[in-house]
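Quick notes on the structure that follows.
The values are calculated or read from the model by the stated rules, or taken from the named source; none is laboratory data. Please read all numbers here as calculations on a predicted model, not as lab measurements. Cβ: placed from backbone, ideal geometry, glycine included. Neighbour counts: every protein chain shown. With ligands, DNA and RNA removed, areas are computed over all heavy atoms of the protein, side chains included. Shrake-Rupley method; radii C 1.70, N 1.55, O 1.52, S 1.80 Å.
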Amino acid sequence: MNDEAPAPDQPMPMPLDPRYRTVLRIRTAIAAIVLTGAAALGALVVAAATEWDTGAAPIAVALVSLIAIIVLPGRRYRRWSYVERDEALQVAHGLLVRVETVVPFGRVQHIDIARGPIERACGVATLVLHTAGSHNSVVRLPGLAVDAAERMRGGIREHIRRETQ
Amino acid sequence: MNEPAAADRPLHPVALLLTFLRRAPEFVLGIPALAYFVADAGMEVVVLLAAAGLALSMCFAWLTWSRFRYGAGEEEFVIESGVLSRNRRAIPYERVQDVSITRPLLARLFGVAVIAIETGSGDKNEGLLDCVGLAEAERLRDLIRRRKSGMRQGEIAAERETEAEPALFAMGGGRLLLAGLFNFSLVFLAVLGAIAQNFGGWLPFDAMDLVDRIDGVRPVTAFNPYDYVAERGMEWARLFPIFWIVASVGGLLLVGMITGIVRSFVRDYGFLLTRTEAGLRRQRGLFTRTDVVIPLRRVQAAIFSTGPTRLLFGWKELALQSLGDDGKEGSNHVVIPLGRPTECAALLEQIALVLPPEPAGFVRPSPRFAVRRAFAYSVVVIAVFVGSIAAIGPIWLGLLALGPAIALAWLQWRHHGHLLADGELFVRHGVWRQRCSVMACAKVQSLTIRRGPIQRVLGLATLIVATAGASTLSPVAVIDLDARRARELRDALLDRAHGSWL
């Protein structure tokens, strides 16, 4: 769409580290396994309580999950992007509801770098910016290569230090 | 630096009396329950047991009271408490955000007050002194505020002399009465209705029974006002239906007005807003006097609101949104319950904000705002129609219901808008109760553009402007701008704010 294009004087949005796609895929797979398991359990219970043949239900759930594992991670990954502006970090994401948040560096209270087990295995990290706002006071930018996350944190911290002096 | 502050002052002894007065009713109410459990024993035993329980409870209260000490040191405020395990709490003056004095009705009768020292941590009771003498309360508040702003003993005395605390806004009886009229509310009726519904069986009389009694032996199940007046030969009462309607509507209005006036008086009696060196100080209340200081530094935005009648007569309500505890949801402090725009402007000057301009100057959202709303409301109307009306009525009746839905969407579009001035962003919304938020661009914490699936199809976007004090549920939002304009507005806001971040 036309209005998706950034203004010409803005820096180009950066994609996340491709390894984040794997993180998303593993997470989707875990959710799919849990969901399919629950569906199978539910089908067994219903089959035991009634005379219905419920064998198709878990199979359908498994098929939908499989499609989700194949299709969703790539799409969700492509929706994530970030722009390092002069004074602010801009993060965009969202498959159905597109959300684009700008956090001015001067408003950042503290910065976290978070790494869950899956992220650690894939070598990526999540940069978490905390502001004093009550809506969207925590802005997360996942799927950064560890050194890139460290670099960005350093840059923002440097910025805050300059401004408070 | 200095030796640790000594916690050497006890709470006012009246605290014990107040505790007694608060607890005694609980034990009296507990008597029936107690009677149930010790059914064999006589009533004397039960009362004796309750009295013993109360005495024991008061013993503990006395122990707690006697082991409670506070003191104001040079650097920090100290509270020592605990009967067996002692707890010493030190609150550094720099960390104090607010000192409020509350005087509930009972406390006022005995000339005491409750002091709450807030530091912005989650715990609400972090510095609660319940209770101290009124003079002591004011001394403590002044002392904490001045220590906080780094003044020493001599300066405090000097400051005390010169301080006049000019009144910024006060409410006299006339204004209060007017505010009460605008506060028109039928909540009272709803409460009565709920009581009748739930406790109707317990009332000493039945409403229908009462009518029955008035009317003699005649059953009133088919009460007909025509018969009623005809029997009594009141021929003039051919106008009875009109009279009946006028009387009921008038009665409702009267009840609503009285409710509004009573509520206004209870809440805002003796409303006084003064300027202190750190912020605005508000005192109000008929039974419970509250005394709150809103530090100016923590004010995030101003919110104007008017109802339809208030708007007609040119009155406004002004509230200030201040930063909550440590980024948590903030609170709105009403600083002018009912005021003229000039009064609001004078007050806003204190916090470096300005009055919102005329609504005509505001930028309306894209007309597709109305399309999206109308679509959403129509879905609801159709769902309701399919669910209920279709069973009893023809299709055109359902289509007729779409009219109001579309009209509402259009009205909401007309009343929503934003305006970006040099240093402020104004956002207005609301058809019935119109509100306008005024915020300084420098207070913006983050900016979010949000686009749902329908918004994307229509090329719309909502810009959410987060400040530190806004409620999580209703942040300031400019809804359904053209996507390109939403981006432009966001970038403009970023630019305005640039350089003003701290």
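Compute, for residue B:487, the solvent-accessible surface of its heavy atoms (probe 1.4 Å) with the complete set of protein chains present, and express it in square angstrom to the nearest 10.
50
Near residue B:307, within a Cβ-to-Cβ distance under 12 Å, what is the net charge of the other residues, with Lys and Arg +1 and Asp and Glu -1? Could you put the intermediate results ahead of the total?
On the way: positive: B:310, B:316, B:433, B:435; negative: B:317.
Local charge sum for residue B:307: +3.
Give the long-range amide H neighbours of residue B:279: residues separated by 5 or more places, or on another chain, with amide H under 5 Å away, using H modelled in the peptide plane at 1.01 Å from N.
Distant-sequence amide H within range of residue B:279: B:296.
Looking only at other chains, what is the average number of their beta-carbon atoms within 10 angstrom of each beta-carbon in B:455-465?
Values: counts 2, 6, 1, 0, 3, 1, 3, 0, 1, 5, 2.
Mean partner shielding for this stretch: 2.
Quick check: residue separation of residue A:84 and residue A:19 times 0.36 nm, minus the Cα distance between them. What number comes out in nm?
Values: separation 65, 0.36 × 65 = 23.40 nm, distance 2.04 nm.
Additional length available on full extension: 21.4 nm.
Averaged over its residues, how many other protein chain Cβ atoms are within 10 Å of peptide B:484-495's Cβ atoms?
Values: counts 4, 1, 2, 5, 1, 0, 4, 5, 0, 2, 7, 1.
Across B:484-495, the average partner-chain Cβ count within 10 Å equals 3.
Determine the gain in length on full extension of the stretch residue B:149-residue B:28; use 0.36 nm per residue of separation and subtract their C-alpha separation, reporting nm with one decimal. Could you put the intermediate results ahead of the total?
Values: separation 121, 0.36 × 121 = 43.56 nm, distance 4.85 nm.
Net length gain for the segment: 38.7 nm.
So who's got an amide H within less than 5 Å of the one on residue B:446, skipping anything under 5 residues away but keeping other chains? H placed 1.01 Å off N, in plane.
Counting only residues 5 or more places away or on other chains, the set is B:466.
Per residue of region B:372-382, what does 6.51 cos²θ - 1.76 cosθ + 1.60 with θ = phi - 60° give for ³J(HN,Hα)? Whole Hz please, x for Gly and Pro, Karplus curve as stated.
Result, rounded to whole Hz: 5, 4, 4, 4, 4, 5, 4, 4, 5, 4, 5.
For a label point 7 Å from the Cα of residue B:346 along Cα→C-beta, name the residues of region B:262-298 whose backbone N is under 16 Å from it.
It comes to B:271-276, B:281, nothing else.
How would B:416, A:110, B:333 line up by accessible area, probe 1.4 Å, largest first?
Details: B:416 10, A:110 95, B:333 35 Å².
Heavy-atom accessible area, descending, gives A:110, B:333, B:416.
Based on DSSP H assignment, which helices of chain A show an axial Cα extent of at least 24 Å together with a mean Kyte-Doolittle hydropathy greater than or equal to -0.5? Kindly include the intermediate steps, with their values, before the conclusion.
On the way: long enough: A:19-49 (45 Å, 1.33); A:56-79 (33 Å, 1.14); A:146-164 (27 Å, -1.18).
The qualifying helices are A:19-49, A:56-79.
From the backbone phi of region B:301-308, what are the Karplus-calculated ³J(HN,Hα) couplings (6.51 cos²θ - 1.76 cosθ + 1.60, θ = phi - 60°) in whole Hz, Gly and Pro given as x?
Residue by residue, region B:301-308 yields 7, 10, 10, 8, 9, 9, x, x Hz.
Which of A:121, A:48, A:60 moves most in a GNM of chain A, Cα contacts under 10 Å?
Result: A:48 has the largest fluctuation of those listed.
Please give the contour-minus-distance gain from residue B:245 to residue B:37: 0.36 nm per residue of separation, less the Cα-Cα distance, rounded to one decimal in nm. Show your work: numbers first, answer last.
Values: separation 208, 0.36 × 208 = 74.88 nm, distance 5.38 nm.
Full extension of this stretch gives 69.5 nm more.
Report the FRET efficiency, 1/(1 + (r/R0)^6), for residue B:56 and residue B:128, where r is their Cβ-Cβ distance and R0 is 30 Å, rounded to 0.05. Provide the component values of the computation, followed by the final result.
Working: r = 24 Å, r/R0 = 0.80.
Approximately 0.80, to the nearest 0.05.
Given springs between every Cα pair under 10 Å in a Gaussian network model of chain A, which of A:61, A:108, A:23 has the largest fluctuation?
Top of the fluctuation ranking is A:61.
What does the charge count near residue B:134 come to, summing +1 for each Lys or Arg and -1 for each Asp or Glu among other residues with Cβ under 9 Å from its Cβ?
On the way: positive: B:103, B:108; negative: B:136, B:138.
Around residue B:134, the charge tally is 0.
Distance between the C-alpha centers of region B:397-422 and region A:73-90? Whole Å please.
34
Testing the spin-label approximation: label points 7 Å from Cα along Cα→Cβ at residue B:135 and residue B:491. State their distance in nm.
Modelled inter-label distance: 6.6 nm.
Using θ = phi - 60° and the Karplus form 6.51 cos²θ - 1.76 cosθ + 1.60, what ³J(HN,Hα) does each residue of region B:442-448 get, whole Hz, x for Gly and Pro?
5, 8, 5, 9, 7, 10, 10
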